[in-house]
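A.B. asks: Got a structure here, written out as structure tokens. Questions coming.
The values are calculated or read from the model by the stated rules, or taken from the named source; none is laboratory data. The shown structure was predicted, so the numbers you read here are calculated from the model rather than taken from an experiment. Glycine also receives a Cβ, built like all others from the backbone with ideal geometry; neighbour counts cover every protein chain displayed.
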Amino acid sequence: MMAAAYAAAFGAIQQTPRIVPGLPEVRTLPRSAIEQTVSAVQSYQEFGGLAGRVLLAFLAVRIVSRRKLIRIFQIPG
């Protein structure tokens with residue numbers, strides 16, 4: 001399951017520059033604006049991953065039981 005989760009995240013990161021320019025909202029923008037949009041989307045994605053890691057570390061320290069920790073992370077999943 002961990003390998004599938006990492007593969008999905010890695011695939012999403014690799015495909016973002018190809019997916020975003022094809023969106024209808026972005027398609028009509030000038031080239032420089034498209035590149036800035038792709039960069040913004042990747043930044044949000046990276047900051048989300050970082051926030052998730054920080055949250056996991058914080059909760060792992062606060063919640064000693066692994067079972068409770070897994071249940072907390074299943075809710076958003």
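A.B. asks: Criterion first (under 18 Å from the mean Cα position of the chain (by Cα) and among the aliphatic types (A, V, I, L, M)) does L29 satisfy it?
C.D. replies: no
A.B. asks: Within segment 1-52, count every residue that is among the polar types (S, T, N, Q), touching a helix residue (DSSP H, G or I) at 6+ places or on another chain (Cβ under 6 Å) and touching a residue at least 24 places away in the same chain (Cβ under 8 Å).
C.D. replies: Counting residues in segment 1-52 that are among the polar types (S, T, N, Q), touching a helix residue (DSSP H, G or I) at 6+ places or on another chain (Cβ under 6 Å) and touching a residue at least 24 places away in the same chain (Cβ under 8 Å) gives 2.
A.B. asks: Moving to a separate point now. When you scan segment 59-75, do you find a residue that is aromatic (F, W, Y) and modelled with pLDDT of 80 or more, even just one?
C.D. replies: no
A.B. asks: Name the single residue that is nearest to I75 (Cα to Cα) among those in segment 10-38 being surrounded by 13 or more Cβ atoms within 10 Å (Cβ to Cβ) and hydroxyl-bearing (S, T, Y).
C.D. replies: This residue is T16.
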